[in-house]
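Each value in this text was obtained by applying a stated rule to the coordinates, not by laboratory testing. Treat the numbers as computed from the prediction; the structure is a model and nothing was measured. Reconstructed Cβ throughout: ideal geometry from the backbone, glycine too, with neighbour counts over all protein chains shown.
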Amino acid sequence: MGWFVASWEKRPWQLPPLKYAWLAVIAFIPQWMAIYLPATRYRINDGWAAACVISSQLLLLLFCWPNRRIPGIILLVIGLSANLLVISANQGFMPISPEIAGKLVSPEILQTIPLGSRFGWKDILLLPETTHLVFLSDRILLPDWLSYQVAFSFGDIMLAAGAYWAMAAAPLIGKKVI
Amino acid sequence: MIKPIPAYGGDFVLVGSLLKANLQTVLQPIQGYPSHTLPLRKEYTMNKIFARFVFLTQKVNRQHVQIAFAALALVLMVLGAGAPEDGGHVGIGRIR
């Protein structure tokens with residue numbers, strides 16, 4: 001979209017001028033080690049993994065502050081804050097209900113996962129009654145007719161919209177429009 | 001022209017010739033050692049390697065580096081802040 005706007009106006013396409021980009025890289029490191037890197041994620045227990053996720057998101061929130069005037073960042077902050085709130089309130093992981101989880105995996109697999117244990121890497125299987133801030137949890141699904149299913153939260157929608165806005169509006173930064 | 005050493009015989013003359021030939025390959029590019037038989041090689045002393053490194057790094061566009069870094073930051077921001085779950089690795093990895 002950003003590229004399209006830029007080429008329509010015959011301007012070179014550019015990314016949003018993010019300040020302190022190195023802070024985002026540093027902020028991601030704890031989460032990368034606890035969630036994404038296979039060599040380390042099996043060695044880190046749930047408590048430390050939760051601490052890594054929360055500290056990482058706090059640092060990402062810090063990274064947003066000097067960039068708050070860039071279009072779209074405000075939506076990223078809203079999404080990040082929503083996810084951070086619900087994660088912090090539920091043992092450091094994103095809660096997902098057995099009903100929603102049942103749409104993602106087979107019942108046989110779901111039976112092997114006890115309530116209160118991790119589901120995937122960032123989620124935790126919790127009943128809606130025992131979930132804090134349940135409206136911010138992973139409770140939204142893609143339409144049934146799609147073959148690929150994924151559960152996401154209100155915060156994830158805000159993040160996607162914020163990233164889209166930031167990329168689309170980047171060519172307009174510096175003009176009178178923004 | 002290599003003078004033969006009469007006291008030790010031909011073997012030493014051969015070794016001496018080979019040594020000189022090797023020496024030529026080493027010294028020729030650095031010191032301009034005269035040779036009509038060996039091809040010329042580029043001279044890469046430490047100073048020149050450093051100068052070449054500086055030259056190449058100056059050719060990297062600073063703006064391109066900044067764009068790549070901003071793209072990385074945005075990707076990591078979304079990846080780190082988001083928590084969608086597709087169940088792809090549930091039941092495959094270790095569940096604690």
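Highest mean first, the peptides A:45-57, A:113-125 sorted by other C-beta atoms within 10 Å per residue fall in the order A:113-125, A:45-57. Cβ-to-Cβ counts within 10 Å put A:ASP156, B:ASP86 in ascending order as B:ASP86, A:ASP156, the fewest first. With only Cα atoms counted, segment A:59-150 has Rg and Dmax values of 15.3, 48 Å.
Computed on chain A, the Cα convex hull volume stands at 145 Å³ per residue. Taking the 0 to 90 degree range and rounding to the nearest ten, how far is the long axis of helix A:21-31 tilted relative to the main principal axis of chain A, both from C-alpha atoms? Roughly 10 degrees between the two axes. The Stokes-Einstein estimate for segment B:44-85, based on a Kirkwood radius over Cα pairs and taken at 4 °C with 1.567 mPa s viscosity, is a diffusion coefficient of 100 µm²/s.
Taking the Cα atoms only, what angle lies between the long axis of helix A:154-169 and the longest principal axis of chain A, rounded to 10 degrees? Compared with the principal axis, the helix lies near 20 degrees.
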